[in-house]
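The values are calculated or read from the model by the stated rules, or taken from the named source; none is laboratory data. Every value quoted in this text rests on a predicted model; they were computed, and no experiment measured them. Cβ coordinates were reconstructed from backbone atoms using ideal geometry, including for glycine residues, and neighbour counts include every protein chain displayed. The protein model used for the area step is the full one, side chains on, heavy atoms only, and it has no ligands, DNA or RNA in it. Shrake-Rupley method; radii C 1.70, N 1.55, O 1.52, S 1.80 Å.
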Amino acid sequence: MFLDDDLPDVSEQTFVVHAGRPARVPGAPLNSPIVPASSFHAEGDAEYARMGSPAFEDLEAAIGGLERGSATVFSSGMGAANAIIDQLPPQAIVAIVLGAYNGVTQRLEQLASEQRVRVRAFDVTDLEAVRAAAEGAALLWLESPTNPLLDVADLQACIRIAHEAGARVVVDNTIATPLTQRPLELGADYVMHSVTKVLSGHSDVLLGAVVVRDDAELAAIRARRTLLGSNPSAFDCYLALRGLRTFGLRFARMQESARELAARLAGHPAIARVRYPGSSSIISIELAGGEVAADRLCRSTRIWTYATSLGGVESLLERRRRAAGESHAVPPELVRLSVGIEGVEDLWEDLAQALER
Ligand SMILES: *Cc1c(COP(=O)(O)O)cnc(C)c1O
């Protein structure tokens, strides 16, 4: 991957370590200073931080490079999602994958209840259903794998079908990450991230990003951020970029542990079903003992932390349906495991002792 004029093409792992840094000149710092300014001296590139700030630029360069496009960072993943949704014309039809992130689904349902958009849901594993949903739609909202059902889409086929129907395509790439798939290269119009999750990786910031392919799209997205006021803070951008430096390392470790744990969980008598798409750091399990057993598991671990969210260095687990807004497509006995970077044997022993109870 292309870094700058002085460096050869490099892998993503190398890119995240070196992207978004000051020029290599004697005496320059290796990391950009944090820029906590709301206003800038007039007649320069930056004027007022809501309209754009050097504080965002390094992180945008790094995320944009990973996704092979131009990134705009937001105050959260939902801030990023809403910048895309906000561009829809009145009465637009939005087709959204069943089991998409519940915040996005709820936001679209809210807009539908106010007669602003019309929403259709489709099963992403059924291409005929995708075709029917895309007919007449302005936007097709994809997430693959979905969270927490972990259904996997044939992204390329879905994108082609949507474009044939004249719909634009968003891919929420939070769970898969650009190390697994790069939707812009497959033809998607927008990639969306909750940077809160594995990209920043330390459960200490809320951040989002939208990545697009051309300057006109970039300007349109930035204009939404400016007027919606969904900018991130300078400190959060710094923390996210600091976290992103180790993204390659963390994600590889999490994937490796997830693979091992998924294999062991599959043979466990307390578990009725393991959902694991093979490439992610997330595993969803369905407890044979139902909802009660699922709640007991969440309260019985000593290393795994019972908390929502995913993608951090610490392993988390949660029964998703305990949240009122979660889709009813998610079984009540489903527990989502977000595998962190702890020793895999410690993670297994803790899960095994909790499952014994
Ligand atoms: C967390 C998440 C979001 C929302 O992001 P926030 O940063 O919480 O606003 C969107 N999509 C997916 C897949 C997520 O996991």
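Examine region 93-113 for a residue that is over 30 Å from Ala223 (Cβ atoms), of a type outside the set (S, T, N, Q) and touching a residue at least 12 places away in the same chain (Cβ under 8 Å), and state whether such a residue exists. Checked region 93-113: at least one residue is over 30 Å from Ala223 (Cβ atoms), of a type outside the set (S, T, N, Q) and touching a residue at least 12 places away in the same chain (Cβ under 8 Å).
Note on region 29-49: among residues that are surrounded by fewer than 11 Cβ atoms within 10 Å (Cβ to Cβ) and among the aliphatic types (A, V, I, L, M), the one that is nearest to Ser230 (Cα to Cα) is Ala42. Against the test of being in contact (Cβ under 8 Å) with a residue 24 or more places away in the chain, away from the ligand (no atom under 16 Å from the Cβ) and more than 15 Å from the chain's Cα centre (by Cα), the options Asp189, Asp236 yield a single qualifying residue, Asp189. Being surrounded by fewer than 24 Cβ atoms within 10 Å (Cβ to Cβ), assigned by TED's automatic domain parsing to the domain that holds Leu66 and not in a helix (DSSP H, G or I) is a property that holds for Val205. Taken over region 129-169, the criterion of being open to solvent by 20 Å² or more (accessible area, probe 1.4 Å) and assigned to a loop (DSSP other than H, G, I, E, B) is satisfied by Glu135, Gly136, Ala138, Asp151, Val152, Asp154, Ala165, Gly166.
Filter region 253-269 down to the residues that are out of contact with any Gly (no Cβ under 8 Å at 6 or more places or on another chain) and among the hydrophobic types (A, V, I, L, M, F, W, C), then identify the one that is surrounded by the most Cβ atoms within 10 Å (Cβ to Cβ). Among those that are out of contact with any Gly (no Cβ under 8 Å at 6 or more places or on another chain) and among the hydrophobic types (A, V, I, L, M, F, W, C), it is Ala258.
Against the definition (crowded, with 20+ Cβ neighbours inside 10 Å and either of a type in the set (Val, Ile, Thr) or part of a helix (DSSP H, G or I) (or both)), how does Val210 come out, yes or no? Taking the combined requirement at face value, the residue satisfies it. Please verify whether Ala176 is in the same structural domain as Ala100 (by TED's automatic domain parsing), assigned to a loop (DSSP other than H, G, I, E, B) and within 16 Å of the ligand (Cβ to nearest atom), treating the condition exactly as stated. Answer is yes for this residue. Within region 146-163, the residues that satisfy the criterion of being under 20 Å from Leu108 (Cβ atoms) and within 16 Å of the ligand (Cβ to nearest atom) are Thr146, Asn147, Pro148, Leu149, Asp151, Ala153.
Listed residues Glu67, Glu57; which is at pLDDT 95 or above, more than 11 Å from the ligand (Cβ to nearest atom), of a type in the set (Asp, Glu) and buried (at least 24 other Cβ atoms within 10 Å of the Cβ)?
Details: Glu57 fails: buried (at least 24 other Cβ atoms within 10 Å of the Cβ).
Of the residues listed, the single one that is at pLDDT 95 or above, more than 11 Å from the ligand (Cβ to nearest atom), of a type in the set (Asp, Glu) and buried (at least 24 other Cβ atoms within 10 Å of the Cβ) is Glu67.
Counting just the residues of region 213-232 that are free of Cβ contacts under 8 Å to residues at least 60 places away in the same chain and among the small types (Gly, Ala, Ser), which one comes out surrounded by the most Cβ atoms within 10 Å (Cβ to Cβ)? Among residues in region 213-232 that are free of Cβ contacts under 8 Å to residues at least 60 places away in the same chain and among the small types (Gly, Ala, Ser), the one surrounded by the most Cβ atoms within 10 Å (Cβ to Cβ) is Ala223.
For (1) within 21 Å of Ala62 (Cα to Cα); (2) touching a Lys or Arg at 6+ places or on another chain (Cβ under 8 Å), each residue gets a yes or a no:
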residue: Leu241; (1), (2): yes, no
residue: Gly248; (1), (2): yes, no
residue: Glu291; (1), (2): no, yes
residue: Ala323; (1), (2): no, no
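Only residues that are at negative phi and within 16 Å of the ligand (Cβ to nearest atom) were counted in region 300-313, giving 4. For region 118-128, give me each residue that is more than 16 Å from the ligand (Cβ to nearest atom) and crowded, with 21+ Cβ neighbours inside 10 Å. Phe122, the sole residue that qualifies. Cβ-Cβ distances below 6 Å connect the following pairs, each with a first residue in region 58-74 that is among the aromatic types (Phe, Trp, Tyr), a second residue that is crowded, with 24+ Cβ neighbours inside 10 Å and not in a helix (DSSP H, G or I), and a separation of six or more residues or different chains: Phe74/Gly208. So, of the residues in region 89-102 that are open to solvent by less than 20 Å² (accessible area, probe 1.4 Å) and modelled with pLDDT under 95, which turns out to be nearest to the ligand (Cβ to nearest atom)? It comes out as Ala100. For Asp236, the criteria (1) assigned by TED's automatic domain parsing to the domain that holds Cys298; (2) part of a helix (DSSP H, G or I); (3) open to solvent by less than 60 Å² (accessible area, probe 1.4 Å) hold in every case but one, which is (1).
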